Amino acid sequence: MKEQSEENYEHENLIVEPGAESIRIDKYILNHISREKYSRTKLQQMCENGLITVNDQNVKSNYKVRPNDVISISKPYPVFSNELIAEDIPLDIIYEDDDLVVVNKPAGMVVHPSYGHYSGTLVNALLFHINQLATPREEGRPGLVHRIDKLTSGLLVVAKTDAALAYLSEQFAEKTSKRKYLALVWGDVIEDEGTIVGHIGRSRKNRQLRYVFEDGSEGKHAVTHYKVVERFGYTTLVECQLETGRTHQIRVHFQYLGHPLFGDPEYGGDKILKGTTFTKYRQFVNNCFALAPRQNLHAKTLGFEHPTTKEWMSFDSELADDMKEVIEKWRSYAYQKSLKN
């Protein structure tokens, strides 16, 4: 299956339990997934089409499962053909001219319509507030030069004209644009600054998540530069600068480093990873999770060369209120702890 088409599929994973009977894969799947979802004939067809893999390898329907096999099932979503509808959703527009617009996206807003998110997106809001957007390079994504995750807040540049889209996109591809993020991560990051290098590809166990392949055998080259901004003992505030722009890059790179982003629901940051076992501490952390139930990641600054004037443009945004409150809580906690020591 091609990497660029993966997001058009619903992914389901099964891990064959130790001591499992060695039976055909189509039979095993039917024994572990509702028969209303698949028929044996359908599963056989999916094997033939490469939609069912074992340990990331294509298999035939007569393949016999073995203990600890990771079975990945990719079911195509219905063709997305919904008409884009302008919606009166408030936008925090930082800058706008005839070529482009810079917006500060709130956490929780999906950037463009996709399967399961047909409305309420940044694109729907842009269509209402902006008279013209560049012709989309992909369906449902007019004007989009780059994206950030639904639960990440911060700056995005959107092109109004096709010429602006091409010029800006080239800068992102050639790594001449500048993007800096602020992230709150678990643990006390040892080095004051550093660089994380590691190929990022889809996880074999969960195709919706990413994974760092140390040997570079899979995925794409990814580089994240970071420096420590402030230390809170059990958490650290870091500034990240992207050299590449892979999906979930900062999140998966810091998980790989052993410092998942605080509150990250997909990469293990939404549980207590550092600190004491005292009930009062657990309550403190849970209160922080409740304040910002997301990865604490904000796209703070953005820089690029203007497509028409060729002037360098730089933009900075305030931290989202929820992340600001969580950081302030950790700052206060670290200060009180230092007084006791």
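Quick notes
- The number of residues in the range 183-196 that are open to solvent by 20 Å² or more (accessible area, probe 1.4 Å) and under 17 Å from the mean Cα position of the chain (by Cα) comes to 0.
- Test result for residue 212, within 30 Å of residue 14 (Cβ to Cβ), part of a strand (DSSP E or B) and in contact (Cβ under 8 Å) with a residue 40 or more places away in the chain: yes
- The single condition among (1) surrounded by fewer than 13 Cβ atoms within 10 Å (Cβ to Cβ); (2) under 30 Å from residue 163 (Cβ atoms) that residue 317 does not meet is (1).
- Scanning the range 142-178 for residues that are of a type outside the set (A, V, I, L, M, F, W, C), within 18 Å of residue 120 (Cβ to Cβ), open to solvent by less than 30 Å² (accessible area, probe 1.4 Å) and under 19 Å from the mean Cα position of the chain (by Cα) yields 152, 153.
- Residues in the range 320-335 that are modelled with pLDDT under 95 and open to solvent by 90 Å² or more (accessible area, probe 1.4 Å): 335 alone.
- Residue match in the range 264-273 (condition: in contact with a Pro (Cβ under 9 Å, 6 or more places away or on another chain), surrounded by 13 or more Cβ atoms within 10 Å (Cβ to Cβ) and over 25 Å from residue 110 (Cα atoms)): yes
- Some residue of the range 124-132 being open to solvent by 50 Å² or more (accessible area, probe 1.4 Å) and closer than 14 Å to residue 302 by Cβ: no
- Identification of strands (runs of 3 or more DSSP E) wholly contained in the range 142-206 with 3 or more residues that are within 23 Å of residue 304 (Cβ to Cβ) and of a type outside the set (A, V, I, L, M, F, W, C) yields 178-186.
- The criterion of being over 21 Å from the mean Cα position of the chain (by Cα) and over 30 Å from residue 275 (Cα atoms) does not hold for residue 234.
- Residue that is modelled with pLDDT under 95 and not aromatic (Phe, Trp, Tyr), where the choices are 152, 176: 176
- Against the criterion of being under 16 Å from the mean Cα position of the chain (by Cα) and either modelled with pLDDT of 95 or more or open to solvent by 10 Å² or more (accessible area, probe 1.4 Å) (or both), residue 296 qualifies.
- Some residue of the range 275-287 being surrounded by 13 or more Cβ atoms within 10 Å (Cβ to Cβ) and within 22 Å of the chain's Cα centre (by Cα): no
- Of the strands (runs of 3 or more DSSP E) that lie entirely inside the range 215-312, those containing 2 or more residues that are without any contact (Cβ under 8 Å) to a residue 40 or more places away in the chain span 223-231.
The values are calculated or read from the model by the stated rules, or taken from the named source; none is laboratory data. Since this is a predicted model, take the numbers as computed values, not measurements. Heads up, the Cβs are rebuilt from the backbone with ideal geometry, glycines too, and the neighbour counts pull from every protein chain shown. Accessible surface is based on the protein model in full, side chains and every heavy atom, while ligands, DNA and RNA are left aside. Shrake-Rupley method; radii C 1.70, N 1.55, O 1.52, S 1.80 Å.
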